[in-house]
Amino acid sequence: MDKDYRQEIFEIFGTDDIEELKKIAKSIDVYKAKAMSKTGRKNSFTTEQITKIMALKEKGTKITHIAEEYQVSRQTIYTQIKKAHRFSNDPDVKMRMNYMNRDNLCTTIDIDFKHEKIWIQNYTKQIPLRAFGVVERPDWKDFEIFLEDRCFPRTRDHAKDILRDMGVPFYDPLLIIEKTKGRMEGDHQWIMILKKES
């Protein structure tokens, strides 16, 4: 960063530390969201916020409570939930997987099954919490490995019985994850699947 700019930034914000500046920016976003809700204008939610809303809803939190937490109307929350299902302009991308750690978004994976392509965006700097770790441009094979890693092993005893109990006709990681949300014993990570609305 240029010395003059660094000095100006320090004078305005009281710091030139990048991490501190990010925190200031985040607090400004929260303030703007609250201010907009008080004036009755539509709120602009980040992907992370919308995903957290979806996670809270999935856990059974009432829309009224979510609206109170974000200080917006219930209608605004319903609008954000609808928005979550309009995640791509690409007609071949029909599914998004949000790789979560508890209620926090770690990685989004947009999936084009027709051409066997994926696009990801990481939302955490913690490598172990990312869907593909250090891999920034995973390919279809990486995706298949990721899916299978979030399932019980193919070779597990009584696998056929487990599949039957799930209502899954054969060992298919995607079908299994649609039932289990990719939850595994020993961690707090799971997969939220979104299918694009027509």
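The values are calculated or read from the model by the stated rules, or taken from the named source; none is laboratory data. Just so it is clear, the model here is predicted, and its values are computed rather than measured. Neighbour counts are summed over all protein chains in view; Cβ atoms, including those assigned to glycine, are modelled from backbone coordinates with ideal geometry. Quick note on the areas: whole protein, heavy atoms, side chains included, nothing else; ligands and nucleic acids left out. Shrake-Rupley method; radii C 1.70, N 1.55, O 1.52, S 1.80 Å.
Cα to Cα, under 19 Å, and not fewer than 8 places away if on the same chain: which aspartates and glutamates meet these conditions relative to LYS23?
List returned: GLU8, GLU11, GLU48.
On a 28 Å Cα-Cα criterion, which of the cross-link pairs LYS57/LYS195; LYS52/LYS160; LYS22/LYS114; LYS59/LYS196 come out too long?
Listed pairs above 28 Å: LYS52/LYS160; LYS22/LYS114.
What number, in percent, do you get for the relative contact order of the chain if the mean sequence gap of Cα pairs under 8 Å and at least 6 apart is divided by its residue count?
17
Enter the accessible area of SER27 (Å², nearest 10), with the probe set to 1.4 Å and all protein chains included.
70
Using only alpha carbon pairs under 8 Å that are at least six residues apart, calculate the relative contact order of the stretch 70-143 and give it in whole percent.
20
Just to verify a number: what accessible area does GLU197 come out at with the full protein assembly present, 1.4 Å probe, Å² rounded to tens?
Answer for GLU197: close to 80 Å² accessible.
Of ARG183, ARG156, ARG86, which is the most mobile in a GNM of the chain whose springs link Cα atoms less than 10 angstrom apart?
Residue with maximal mean-square fluctuation among ARG183, ARG156, ARG86: ARG156.
Looking at (1) 65, 42, 36; (2) 50, 34, 26; (3) 55, 30, 25, which value of Cα extents along the principal axes in Å comes from a calculation on the structure shown?
It is the one labelled (1).
Where does each of 44-57, 95-108 land if you order them by average Cβ count within 10 Å, highest first?
Values: 44-57: 18.1, 95-108: 20.3.
Those peptides, ordered most packed to least, come out 95-108, 44-57.
Could you state the number of Å between the C-alpha centres of the stretch 62-126 and the stretch 152-198?
Here the two parts' Cα centres lie 20 Å apart.
Relative contact order (percent) for the stretch 130-198, with alpha-carbon contacts under 8 angstrom and 6 or more residues of separation? Intermediate results must be reported in sequence, preceding the final value.
Working: 44 pairs, mean separation 16.7, N = 69.
Contact order relative to length: 24 percent.
Calculated FRET efficiency, ASP149 and ILE24, Cβ-Cβ r, R0 45 Å, to nearest 0.05?
Once rounded, the FRET efficiency stands at 0.75.
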